[in-house]
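The values are calculated or read from the model by the stated rules, or taken from the named source; none is laboratory data. Computed from a prediction, not measured in an experiment: that's the story for all the values here. Counting neighbours? That spans all protein chains shown, and the Cβs are built from the backbone with ideal geometry, glycine included. These accessible areas exclude ligands, DNA and RNA; they are computed on the full protein's heavy atoms, side chains included. Shrake-Rupley method; radii C 1.70, N 1.55, O 1.52, S 1.80 Å.
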Amino acid sequence: MPLPTFNARGDLPEGVHQATLAEVVARLGQGAPSRQRATAALLLIHQLVSATGLLDRFVIYGSYVTDKPAPNDVDIFLVLAAEFDIEQLTGETRILFSHSLAQQHFGTSVFWVNRSTSFANVEDLIEGWQTKRDLTRRGIVEVIQ
């Protein structure tokens, strides 16, 4: 099912909308240079984290999943399998799992949890990313295979 149309505020309707990475890029990856840069970062991050073999969920939120012509960046929330161990990572993949380094290196905000070490319920965390700073609700996108 394709991503729904944006509402009057320029957001996706509230909820977690599933789409393939190709669908995300086709719908949201074109336009201003900043949107194209965010898309390139999104693709690289997805490739790097998928290569670990331990990615459970890949959620995109923020201005990237709006009708904003020039989003600031792409915001990503990752859920990793219980056996994920950051100590086993090197290079750019390791950088992904440091919020400040990922922001500097990729120009993205990356947040993540490991299913075995997270004290929070993953569904509650994903639900939380639907709340904007002004406390209104928006839709977010989960990338599926």
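Carbon-plus-sulfur accessible fraction, the chain (probe radius 1.4 Å, protein heavy atoms only): 55%.
Per residue, the range 1-93 exposes 47 Å² of accessible surface when a 1.4 Å probe is rolled over the protein heavy atoms with every protein chain present. The dipole here belongs to the range 1-133: it is taken about the Cα centre, uses +1 on the Cβ of Lys and Arg and -1 on the Cβ of Asp and Glu, and is about 480 debye. Here the range 36-145 is described by how far its Cα atoms reach on the three principal axes: 37, 30, 27 Å, from widest to narrowest. When the scattering of the range 4-97 is computed by the Debye formula from its Cα atoms alone, each counted once and equally, what is log10 I(q)/I(0) at q = 0.12, 0.25 Å⁻¹? Values returned for q = 0.12, 0.25 Å⁻¹ are -0.41, -1.36.
Axis of helix 33-50 versus longest Cα principal axis of the chain: the two differ by about 30°, to the nearest ten degrees. Across the chain, the mean sequence separation of Cα contacts (distance under 8 Å, 6 or more residues apart), normalised by length, yields a relative contact order of 32 percent. The alpha carbon convex hull volume per residue for the range 103-145 rounds to 135 Å³.
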